Structures are given as C-alpha cells and as structure tokens.
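Each remark here refers to the structure printed beneath this line.
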Amino acid sequence: MRRTVIAVFALLFAASGCTQSGRETATPALWEVTGPSGESGWLFGTIHALPAPVSWQSEKVEHALAKSDRLVLEIDNADDPAALAEVFTRLGQTSGQPAIEQRVPIEARPQLKRLLDKTGLTEQRFDNVETWAVAITLSQAAAKDMDSRHGIDREIMRAAAGKPITQLEGAETQLRIFDSLPEKEQADLLAGVARDAGDGLMQDRLSRAWTSGNMAVIEAETKSGLLADPELRAALLVDRNVRWANTLADLLKSGTKPLVAVGAAHMAGPEGLPALLAARGFTVTRIQ
C-alpha cells in the first residue's frame with residue numbers, strides 16, 4: 001500500500017543515467033540550513049518509490065548523513081507495509097458507498113472506465129471503499145512498475161542506521177488528511193487520478209527533473225494536474241508544509257542537527273520548506 005501524497009501527484013520518478021556499478025544515478029536537490037545561533041541541518045528531496053534501486057549517495061549527501069544527528073521523515077515506519085496497510089484499510093473502508101462512476105462528474109467517467117480497464121480492477125472491488133482510497137488505490141495500480149522498496153525513504157533509513165528518527169506526520173495522520181477531505185474534493189481527487197494516471201510523458205519529465213535536481217520543473221508540476229485544485233493543493237501540500245516548517249524550526253532551535261528527507265514536491269517554490277525556513281530567519285543554501 002502506497003502511503004505518500006507524492007504517489008497521488010504522480011511524482012514517482014524513474015531515475016536516468018548509469019554508474020559503473022550498473023545502478024542508475026541521481027543527484028537530487030539538497031540544501032544546508034544554518035541559523036543565527038549556530039543551528040545546522042539539511043533538507044533532502046526524495047522519491048517514495050522507484051522501479052529499481054538508484055545511486056543517490058553523493059559526497060554531499062554522505063557528508064550530511066555523517067554530520068546530522070537525527071533523521072526526519074514523513075513517517076517512521078516506511079519499512080512496515082503491513083502496518084501501513086492496516087491504517088489504510090481501517091480509514092478507507094465504509095459500507096454503503098455509491099458506485100464509483102457516480103462519484104465523479106459525467107465527463108470524467110470514460111477516463112475512469114479506461115483506468116479500471118487498464119488496471120484490471122472492477123467497480124465492485126470498491127463497493128465499500130471511500131472515494132479518496134479509491135483514488136490512491138487506482139493511482140498505485142496505474143504505477144505498478146514503481147516499488148516503494150526502492151524508494152529513498154527506505155534507502156536513507158538504512159544509510160542512517162543508528163540515528164534517531166523523527167516523523168513529521170505518521171501514516172495515520174497522513175491518511176486522515178485524505179479521509180477528512182469533503183466528498184467533493186475526494187471526487188476531484190478521483191477524477192484527477194483518472195485523468196492523469198499513466199501519463200508516461202509526465203513521469204519521464206519528472207524523472208529527469210528529480211535526477212538532475214531541477215526544482216523549477218517540479219515546482220511547475222505542484223501547480224498543475226491534481227494540485228491545480230486550490231482546495232486540494234492547500235490540504236495536501238501547502239498546509240502540511242507550513243506545519244512541517246514550524247516543527248523543523250523548533251527542532252533546529254533546540255540544537256538538533258536534522259537531515260530532513262521528504263518528498264521533493266515539498267521542497268519546491270515559495271511554499272516549499274527551503275523558502276518557509278528562510279522566512280523564519282534561517283539561511284538556506286542549495287548545495288546540490
């Protein structure tokens with residue numbers, strides 16, 4: 001079960017390029033954060049799933065890993081799919097749901113049918129599944145070549161073995177964001193997934209952007225597709241970034257030296273974590 005907002009946004013990037021070891025290589029965006037009282041930390045944009053492992057541990061990332069004293073992730077149990085699935089099932093199932101084609105506008109129904117046909121899932125499969133959970137399930141099924149086992153969340157947890165981990169949300173909090181959306185916004189989410197899922201050109205574009213750390217392209221994508229809807233953008237991205245920035249500011253001021261590894265979309269533009277921390281008085285410098 002995929003548990004990240006990035007999955008719904010189709011920000012599941014496939015890296016390009018190759019190293020001598022045979023692994024694909026990536027140099028995603030990395031920032032150093034410093035404060036007026038000696039505060040120090042790093043921000044690292046990640047991918048939550050990939051089709052295969054990639055080489056992402058550059059010298060600068062290795063330095064950040066070595067100098068940090070804590071890893072900060074969206075959730076701290078990304079390596080426990082059974083626990084994540086339990087939360088998803090508990091929050092996402094309610095009896096008496098209407099047929100899923102009735103939950104989206106008429107113009108979105110042909111796209112929804114095509115997506116069902118493509119994934120091999122039937123409408124009956126979702127009889128008791130809430131609309132937001134239908135959207136996430138279909139988004140995952142459409143990106144079946146992506147595997148969270150190769151995502152950077154798990155990779156960086158292994159690389160930082162022994163360091164304490166702080167979670168910004170946790171799986172339940174994260175999924176409750178979807179669960180608390182009004183039905184109209186859940187319907188917009190489902191219609192957007194039906195429209196955008198399987199967009200190979202977009203995935204290729206984002207793959208190259210993440211691989212090279214091109215945050216301008218990633219920023220543009222956070223304003224299009226599903227995130228062009230103001231209510232969804234606020235609930236799923238902007239409001240979360242503000243909460244996280246407040247948490248990180250307090251953490252930095254406490255003397256902790258965190259390496260913050262969250263989805264790259266959360267780093268993009270004037271509403272991303274680098275900009276929000278800069279607005280709170282920290283110096284944030286892009287170093288990769």
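Sorting Ser68, Ser180, Ser37, Ser95 from the fewest to the most surrounding beta carbons within 10 angstrom yields Ser95, Ser37, Ser180, Ser68. For Gln93, the residues whose modelled amide H falls within less than 5 Å of its own, excluding neighbours fewer than 5 places apart on the same chain, are Glu130. Using every pair of separate Cα atoms, the Kirkwood estimate puts the hydrodynamic radius of the chain at 19.3 angstrom. Give me the angle, in degrees from 0 to 90, between the Cα long axis of helix 200-212 and the longest principal axis of the Cα atoms of the chain, rounded to the nearest 10. Compared with the principal axis, the helix lies near 10 degrees. Report, please, the projected area of the range 89-140 averaged over directions, based on the convex hull of its C-alpha atoms, in nm². The number I arrive at for the range 89-140 is 3.4 nm². Rounded to the nearest 20, the Cβ-based charge dipole of the chain about its Cα centre (Lys and Arg +1, Asp and Glu -1) stands at 420 debye.
Toward the positive end of the charge dipole of the range 33-120, with +1 on the Cβ of Lys and Arg and -1 on the Cβ of Asp and Glu, the farthest Cα among Ala108, Pro81, Val33 is that of Ala108. When the Gaussian network model of the chain links Cα atoms closer than 10 Å, the mean-square fluctuations of Gln102, Gln57, Gln186 top out at Gln102. Of the residues Ala265, Ala135, Ala66, which exhibits the maximal mean-square fluctuation in a Gaussian network model of the chain defined by a 10 Å Cα contact cut-off? Residue with maximal mean-square fluctuation among Ala265, Ala135, Ala66: Ala66. What is the total of Lys pairs in the chain with C-alpha atoms under 21 Å apart, excluding same-chain pairs fewer than 8 positions apart? Lysine pairs meeting the criterion: 11.
One Cα centroid belongs to the range 96-113, the other to the range 214-243; the line between them spans 25 Å. Coordinate range of the alpha-carbon atoms in the range 200-288 per principal axis, descending: 44, 31, 17 Å.
Full extension of the chain between Asp229 and Arg109 gives 41.3 nm of extra length, using 0.36 nm per residue less the Cα-Cα distance. The helix-based estimate of mean residue ellipticity at 222 nm for the chain, built from -39,500 (n - 2.57) per DSSP H run of four or more residues and divided by its residue count, is -12500 deg cm²/dmol to the nearest 500. Between Ile177 and Asp69, residue separation times 0.36 nm minus the direct Cα-Cα distance comes to 35.9 nm. Counted over all Cα-Cα pairs of the range 70-198, pairs farther apart than 24 Å make up 35 percent. Residues whose amide H falls under 5 Å from that of Leu30, counting only those 5 or more places apart or on a different chain, are Ile287, Gln288, with hydrogens built in the peptide plane.
Here the calculated FRET efficiency for Ala99 and Thr166, from their Cβ-Cβ distance with R0 = 35 Å, stands at 0.25, rounded to the nearest 0.05.
Binning all Cα-Cα separations of the range 61-102 at 10 Å, short to long from zero, yields these whole-percent fractions: 20, 28, 22, 18, 10, 3.
Readers should treat all values here as calculations from the given coordinates under stated rules, not as data from a laboratory. Keep in mind that this is a model prediction, so the values were computed, not measured. Because the Cβ atoms are built from the backbone with ideal geometry, glycine has one as well, and the counts that use them run over all protein chains shown.
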